[in-house]
1. Just to be sure I understand, how many residues within the range 99-111 are open to solvent by 30 Å² or more (accessible area, probe 1.4 Å) and under 22 Å from Glu24 (Cβ atoms)?
2. Specify which of the listed residues (Ser108, Ser152, Ser102, Ser118) is touching a His at 6+ places or on another chain (Cβ under 8 Å), in contact (Cβ under 8 Å) with a residue 24 or more places away in the chain and among the hydroxyl-bearing types (Ser, Thr, Tyr).
3. If I ask for residues that are open to solvent by 70 Å² or more (accessible area, probe 1.4 Å), β-branched (Val, Ile, Thr) and outside any helix (DSSP H, G or I), which ones from the range 112-128 would you list?
4. With the condition being among the β-branched types (Val, Ile, Thr), within 27 Å of Leu164 (Cβ to Cβ) and at pLDDT 95 or above, I'd like the helices (runs of 4 or more DSSP H) fully within the range 1-111 carrying at least 2 qualifying residues.
5. Thr61 - would you say it is open to solvent by 50 Å² or more (accessible area, probe 1.4 Å) and either free of Cβ contacts under 8 Å to residues at least 12 places away in the same chain or within 19 Å of Ser152 (Cβ to Cβ) (or both)?
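The values are calculated or read from the model by the stated rules, or taken from the named source; none is laboratory data. Owing to the predicted nature of the structure, the values given are computational and were not obtained by experimental measurement. Positions of Cβ are backbone-derived with ideal geometry, glycine not excepted, and every protein chain shown enters the neighbour counts. With ligands, DNA and RNA removed, areas are computed over all heavy atoms of the protein, side chains included. Shrake-Rupley method; radii C 1.70, N 1.55, O 1.52, S 1.80 Å.
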Amino acid sequence: MASQANQPDPERTTPMGMVRYGHEFLEAAFVVYERAAQLDSRMVMPPVPALYLLGHGLELTFKAFLLSKGVTLEHLRRKLGHDLEKAFTASKENGLDSLLQSHALDESVLTLLNVMYSTKELEYIVTGAKTIPHYPLLQNFAIKLFDAVAASIGFRDRLAKWTLDESPV
């Protein structure tokens, strides 16, 4: 059982802090992906660390939005966990659609990422075939989501400068 010291403190865990962490994880993902693409122009699969960092950045962004809507840390921890699809659904139930127009393709790449992210396959080796989301689509969805949530919370930094060409190489 986790000690009390390891539990999130509602007095210290704010939407602003959570969105700032989301920003840092997303930018780190984009840098890792960009560097890997520079080193290998024929890269077939995005680096696993880029996928993990992007997934964590999305999780933090969804949770920042939900915190800003009054959802408790306990609910985020116990009911949503690390499931990106549950966080996305909860965000839409709390008004995300008024800030962000998502498309079926956005939801598809999120679903593909979630299969690996929520089961910790991006942190621990799991053998077997995997379906990897098209990274540029995933990155561009993360940017749209983050920029909309950041603006609603009052966080000043944006990620639009990282938008990628979505056409397959």
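1. Number of matching residues: 1.
2. Working: Ser108 fails: touching a His at 6+ places or on another chain (Cβ under 8 Å); Ser152 fails: touching a His at 6+ places or on another chain (Cβ under 8 Å); Ser102 fails: touching a His at 6+ places or on another chain (Cβ under 8 Å).
Only one candidate qualifies: Ser118.
3. As a first pass, look at the range 112-128 and keep what is open to solvent by 70 Å² or more (accessible area, probe 1.4 Å): 115, 119, 123-125, 127.
Next, only the ones that are β-branched (Val, Ile, Thr) stay: 115, 119, 125, 127.
Answer for the range 112-128, where residues must be open to solvent by 70 Å² or more (accessible area, probe 1.4 Å), β-branched (Val, Ile, Thr) and outside any helix (DSSP H, G or I): Thr119, Ile125, Thr127.
4. On the way: elements: 15-39, 48-68, 84-93.
The helices (runs of 4 or more DSSP H) meeting that bar are 15-39, 48-68.
5. On the way: open to solvent by 50 Å² or more (accessible area, probe 1.4 Å): no; either free of Cβ contacts under 8 Å to residues at least 12 places away in the same chain or within 19 Å of Ser152 (Cβ to Cβ) (or both): yes.
For Thr61, the condition - open to solvent by 50 Å² or more (accessible area, probe 1.4 Å) and either free of Cβ contacts under 8 Å to residues at least 12 places away in the same chain or within 19 Å of Ser152 (Cβ to Cβ) (or both) - is not met.
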